[in-house]
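The values are calculated or read from the model by the stated rules, or taken from the named source; none is laboratory data. The shown structure was predicted, so the numbers you read here are calculated from the model rather than taken from an experiment. Neighbour counts run over all protein chains shown; Cβ positions are idealised from the backbone, glycine included.
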Amino acid sequence: MARFRYWRKMTWALLIWSAAMVVVVVSGGFGIATIALALAGLGVLGFMWFMTRPLWRVGHGAKWRPMRSVEIPFKTPSSATDS
């Protein structure tokens, strides 16, 4: 948090958008249309923030690894009760 000057540009865009919407609501623009615009803008910017990864993170994120099958010996219900 102390290195806030090095935040990503999309983080600054989200912060500025949120501050602007707070100013609009506080100045008397509280209404359904204002809230819808604020949420739509926040949704679009948030989606862009998650989809655009910083360059130093490319290739270092979560990786998809397929699950390996595990050999489990099959027992019939009658053999399970016999042993």
**Request:** Give me the pairs, please: first residue somewhere in the range 32-49 and within 10 Å of residue 17 (Cβ to Cβ) and aromatic (Phe, Trp, Tyr), second residue anywhere and at pLDDT below 90 and surrounded by 11 or more Cβ atoms within 10 Å (Cβ to Cβ), beta-carbon distance under 6 Å, and either six or more positions apart or on two chains.
**Result:** none
**Asked** Quick one: which helices (runs of 4 or more DSSP H) sit completely within the chain and have at least 2 residues that are of a type outside the set (Lys, Arg) and modelled with pLDDT of 70 or more?
**Response** 9-26, 32-51
**Message:** Anything in the range 8-29 that is closer than 16 Å to residue 44 by Cβ and free of Cβ contacts under 8 Å to residues at least 40 places away in the same chain? List them, or say none.
**Reply:** 9, 11, 12, 13, 14, 15, 16, 17, 18, 20, 21
